[in-house]
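Here's the structure we're looking at; comments come further down.
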Amino acid sequence: MTPATPSPRPPGRPRTGIDAEVFAATLSTVHELGYARATVVRIAAAAGIAKTTIYRRWPSKGALIVDCLLDVFGPVPLEEGAGRAELMSSTIRWIVAKVGEPGVGDAFAGVFSDAVSDPALREILSARLQDPYRIALQDALDEPTNRVLFFIDVVVGTLLHRMGMTGEPMADADVDALVEMVLSHFADGAGAT
């Protein structure tokens with residue numbers, strides 16, 4: 001009898017790639033069914049994994065959505081040497097483009113809505129999603145926290161409101177108007193305190 005050759009990898013699904021599969025399944029499920037109907041059970045089924053695999057990585061649907069959004073957005077694409085107006089304009093257009101991707105706007109709006117009545121999720125959103133972008137923008141724009149938070153509120157709040165009211169991302173002409181309005185207040189440091 002020949003001894004069994006050891007398996008080249010441990011049994012079970014390889015860990016690398018699972019997050020990407022879950023994130024893709026999350027966005028496609030949210031896109032197809034809407035945020036409220038995109039349950040962890042349905043996301044797991046779409047990813048071809050057990051729901052326990054998701055719950056081992058994320059304690060809740062909200063935490064999963066936040067990590068999914070972090071994966072989609074990645075770091076803020078700040079061009080070195082760009083002026084204030086260019087940095088702010090490109091940041092706004094980058095956020096608009098990301099929110100317009102299938103499932104992203106729905107996921108973003110849904111998790112924010114859930115956070116209104118869930119302090120733990122609000123903390124996750126603040127610490128994991130908002131703070132890294134706020135800090136990057138503060139450093140790039142040399143602005144105090146309150147001004148950068150207001151910039152984020154105006155831009156993201158406007159986009160989420162549009163998604164909530166129409167189910168559609170903002171039209172290009174409206175994006176241009178948003179950029180112009182925001183720049184008129186922020187680009188030259190007007191109103192800094």
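Out of all the residues in region 91-112, which are without any contact (Cβ under 8 Å) to a residue 24 or more places away in the chain and open to solvent by 40 Å² or more (accessible area, probe 1.4 Å)? Can you show your working first?
Within region 91-112, the subset without any contact (Cβ under 8 Å) to a residue 24 or more places away in the chain is 94, 97.
Within region 91-112, just A97 meets the criteria.
Candidates are the residues of region 37-78 that are modelled with pLDDT under 95 and touching a Ser or Thr at 6+ places or on another chain (Cβ under 9 Å); the one that is least open to solvent (accessible area, probe 1.4 Å) is V76. Being at pLDDT 90 or above and surrounded by 14 or more Cβ atoms within 10 Å (Cβ to Cβ) is a property that holds for R147. Here Q130 fulfils each of the conditions (1) loosely packed, with under 12 Cβ neighbours inside 10 Å; (2) without any contact (Cβ under 8 Å) to a residue 24 or more places away in the chain apart from (1).
Of the helices (runs of 4 or more DSSP H) entirely within region 103-193, those holding at least 1 residues that are among the acidic types (D, E) and under 27 Å from E80 (Cα atoms) occupy 131-141, 145-166, 172-186.
Just give me the residues in region 150-160 being under 18 Å from A107 (Cβ atoms) and open to solvent by 40 Å² or more (accessible area, probe 1.4 Å), in sequence order. Once the filter is applied, which keeps residues that are under 18 Å from A107 (Cβ atoms) and open to solvent by 40 Å² or more (accessible area, probe 1.4 Å), region 150-160 yields only T158.
The values are calculated or read from the model by the stated rules, or taken from the named source; none is laboratory data. Just so it is clear, the model here is predicted, and its values are computed rather than measured. Methodologically, a virtual Cβ is constructed for each residue, glycine included, from the backbone with ideal geometry; neighbour enumeration extends over all protein chains shown. Ligands, DNA and RNA are stripped out before the accessible areas are found, and what is left, the full protein with its side chains, is counted by its heavy atoms. Shrake-Rupley method; radii C 1.70, N 1.55, O 1.52, S 1.80 Å.
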